[in-house]
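Only one structure is covered here, and it is reproduced in the block below.
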Protein chains: 2
Amino acid sequence: MRKDIHSSAIPVICRECEARHGGICSVLEPDELLRLGRQARRREVPAGTELISAGVPVDTFANILSGVVKLTKLLPDGRQQIVGLKFAPDFLGRPFAEASNVSAVAASTVRLCVFPRSDLEDMAQRSHAFEHRLHTQSLRELDDAREWLMILGQKSASQKLASFLLLLGTHIDPRVAGFSNVIDLPWTRSDIAEFLGLTMETVSRQLAHLRNAEVISIEKNRHVTVLDQAALRAEAGL
Amino acid sequence: MRKDIHSSAIPVICRECEARHGGICSVLEPDELLRLGRQARRREVPAGTELISAGVPVDTFANILSGVVKLTKLLPDGRQQIVGLKFAPDFLGRPFAEASNVSAVAASTVRLCVFPRSDLEDMAQRSHAFEHRLHTQSLRELDDAREWLMILGQKSASQKLASFLLLLGTHIDPRVAGFSNVIDLPWTRSDIAEFLGLTMETVSRQLAHLRNAEVISIEKNRHVTVLDQAALRAEAGL
DNA sequence: CGCCACGTTGAGAAGCCTCAATGCAGGTGG
DNA sequence: CCACCTGCATTGAGGCTTCTCAACGTGGCG
């Protein structure tokens, strides 16, 4: 394994990077990684930062190293709907299109590895494996989106909340392989409501309901512990 | 343009085929088309035919030549949600996965061009352009799915119906480039309800509402004519 | 003709939203 | 140090939308 012995071949910025494992960089050869890595820059942004604006051209892409990014769409009347969540080591940006038709907003403090759009598209053109990897992520996002369609279309408020907590438990901490019973919500009640197509008040009431049923416990509003995972699944209609 | 002069180089089955233009076959070179075309078979199925079952491995892919295919997901309690619609010249099947996690059902009489899964994956591996084309379709499906998320998450029953009719008007007839004012619904009221996350009765009432407002006219239950497209857009919240 | 599937219409119930009051914690200035 | 403000969360009351349940129409077909 030359590429591991000669670790100098790996850009400094890429060492200890999660995207090198599960992310899109995982399929790159050392020389390709070097080329992309030369242009890459680390960036840390606070919650609320708008990373991509719907319809506005962006000339960068990014890997998410930690944190949660929400994808939102805006209706002409001002209402907003969250259409997806991205976690490490997902990548951010819309390949092969000038601009995305969704906005991306940091939903927590987010660490990113940013690189120029042109480099990514060059790489996609040069490396079939790289484009394949991008394709795979798109397909996974499609599956996720359809899962959410199911939830938004068919479920009651309590089922939506339970499904949401289950999703978070399996994604929010990239270090935990399976399900994490401890969830620090990076969102306000309004944010959660937006994601689930509910109102803030309904979210609050349903959380209270889950707490009263001793399925979860809540501390300091944001810190949730799942006490009874089976009950939570039942509540989600699974 | 040798490939057009020597039309004998194009498989008989591929002549006059819509998928050769907008579809995935459009990026294939004549010799590649020949290889894929040799294995391809035309098939026509009636409405209701299950083309793909969620979780069941399938070893074929298909281009849709005409008709509408609905993608559905099933909840454990038996409720169903339509998570997508496919029109000609979309292709059908989940690349790079044994089985899809959605079911595909013919929503009208559907004509297909079916070919083996292995051939498609070979082609995707061999031809970067072909994989890129598949990727592009996946990205478009992702955009569509997110559009529906918006609709299901935020809109009232009448807005959902209006959005649905607008979608159909722009997709249902592949021969019409823009918006078709005449829509022959290939579905029952229950099917529409399923797609929109509503009940049959609500769909019926909202259609009656649009008819009374003289935005649409309805004949023989299935045949809808859009009388006032601007009013329909307003109703959809656009 | 009568059956059956699909569609329409109505009345009442349920769920969620809207509006409004209150609670609670963290930060700021007197 | 405390009073106040502000943003987020909770709780309650009432209303609106949609669902549920049920009756009735309608068109196609044996």
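Quick rundown of the values:
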{"read-out": "The stretch B:107-116, residues that are within 15 Å of the chain's Cα centre (by Cα) and open to solvent by less than 30 Å² (accessible area, probe 1.4 Å)", "value": "B:Ala107, B:Ser108, B:Val110, B:Leu112, B:Cys113"}
{"read-out": "Test: residue in the stretch A:172-190 that is open to solvent by less than 10 Å² (accessible area, probe 1.4 Å), within 27 Å of A:Ser66 (Cβ to Cβ) and more than 20 Å from the chain's Cα centre (by Cα)", "value": "no"}
{"read-out": "Subset tally (residues that are more than 15 Å from B:Ser163 (Cα to Cα), of a type in the set (Gly, Ala, Ser) and exposed (fewer than 14 other Cβ atoms within 10 Å of the Cβ)) for the stretch B:198-238", "value": "2"}
{"read-out": "Meets criteria (within 26 Å of A:Ala145 (Cα to Cα) and of a type in the set (A, V, I, L, M)) for B:Ala193", "value": "yes"}
{"read-out": "Tally, over the stretch B:66-103, of residues that are open to solvent by 30 Å² or more (accessible area, probe 1.4 Å) and within 11 Å of chain A (Cβ to nearest Cβ)", "value": "9"}
{"read-out": "Residue within the stretch A:117-126 that is within 12 Å of another protein chain (Cβ to nearest Cβ), away from DNA strand C (no atom under 16 Å from the Cβ) and open to solvent by less than 20 Å² (accessible area, probe 1.4 Å) present", "value": "yes"}
{"read-out": "Subset tally (residues that are in contact with a helix residue (DSSP H, G or I) (Cβ under 8 Å, 6 or more places away or on another chain) and not basic (Lys, Arg)) for the stretch A:73-110", "value": "19"}
{"read-out": "Which listed residue is outside any loop (DSSP other than H, G, I, E, B), modelled with pLDDT under 90 and among the aliphatic types (A, V, I, L, M), from A:Leu36, A:Leu112, A:Leu51", "value": "A:Leu36"}
{"read-out": "Helices (runs of 4 or more DSSP H) contained in the stretch B:175-238 and holding at least 3 residues within 15 Å of DNA strand D (Cβ to nearest atom) and in contact (Cβ under 8 Å) with a residue 40 or more places away in the chain", "value": "B:189-196, B:200-212"}
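The values are calculated or read from the model by the stated rules, or taken from the named source; none is laboratory data. What you see is a predicted model; the values in this text were computed from it and never measured. Cβ coordinates were reconstructed from backbone atoms using ideal geometry, including for glycine residues, and neighbour counts include every protein chain displayed. The area values use the complete protein model at the heavy-atom level, side chains included, leaving out ligands, DNA and RNA. Shrake-Rupley method; radii C 1.70, N 1.55, O 1.52, S 1.80 Å.
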